[in-house]
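What follows is one structure encoded as structure tokens, with my remarks underneath.
Read-outs: derived from the displayed coordinates by stated rules, not from any lab. Keep in mind that what you see is a predicted model, and the values were worked out from it rather than measured. Don't worry about glycine lacking a Cβ; one is built from the backbone with ideal geometry, like all the others, and counts go over all protein chains shown.
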Amino acid sequence: MQNKAGMPPKPSIQNDLLGGKHLHDPVPSGDELPIHVKIESAYRLFNRIEQELRSDKEFSRLLKDYERSIELSQRIMRELKLDRDCAFCATQVPGGGCCGRGIEDWYDIYTLLLNLFLGTAIPTKRLDPNDCLFLGPSGCKLRARFHFCVNYLCPRITKRLNPQELLELTTQSGAELFLAWRLESILRIKTDTSTLKTCLE
Ligand code: SF4
């Protein structure tokens, strides 16, 4: 991410991390669709597959681990006062912050779906025309976030934190993203192409 004046193209690492399935057996992800269509599709898909996934022991266990990992990430952010700094920069500094309009388009249906499994409603009203759709008054309203949102640290942060703090933060981000990847892999395997196509229509 960078400041709101110039959004970079969507990072592509996520599509390379999907257990190989995405590379060899393309399943529609609706990546190209407008975000409001992806959100509606995620809710439709959630209604179709929630019961089956909730009764999947591996998925349920990973989901609990993921929730705990997100909480730990948030705790570290609070302890380092990053939540306060990032929310202030994003919402109060003109042209500041990294959560600019358009980043919501980087989200695919699976990350949105993970939010629904975590009981997190997906915002549909933008706070400010220049902001990401998912930015709230005190920071990001999503719990399952795109890898770039989890990983990105602006130069102000990297200069302020000491090496030990940076290590703690990036290690925890990696742990959180690893669990997200494992859950997404299960979602992709369990979501057959015809169900997904129907939900994306
Ligand atoms: S999804 Fe959340 S963290 Fe990512 S840009 Fe939007 S508000 Fe910021």
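Numbers at a glance
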read-out: For peptides 151-157, 119-125, 108-114, sequence by mean Cβ density within 10 Å, most packed first; value: 108-114, 151-157, 119-125
read-out: Kirkwood-based Rg to Rh ratio, region 27-77, C-alpha trace; value: 1.10
read-out: Rounded if a/c under 1.5, otherwise prolate or oblate - region 47-201, Cα gyration tensor axes; value: oblate
read-out: Placed amide H near Gly100: partners under 5 Å, 5+ positions off or other chain; value: Cys132
read-out: Cut-off under 5 Å, modelled amide H: who pairs with Gly136 long-range; value: Lys141
read-out: Cβ crowding within 10 Å averaged over residues, with 99-106, 174-181 ranked highest first; value: 99-106, 174-181
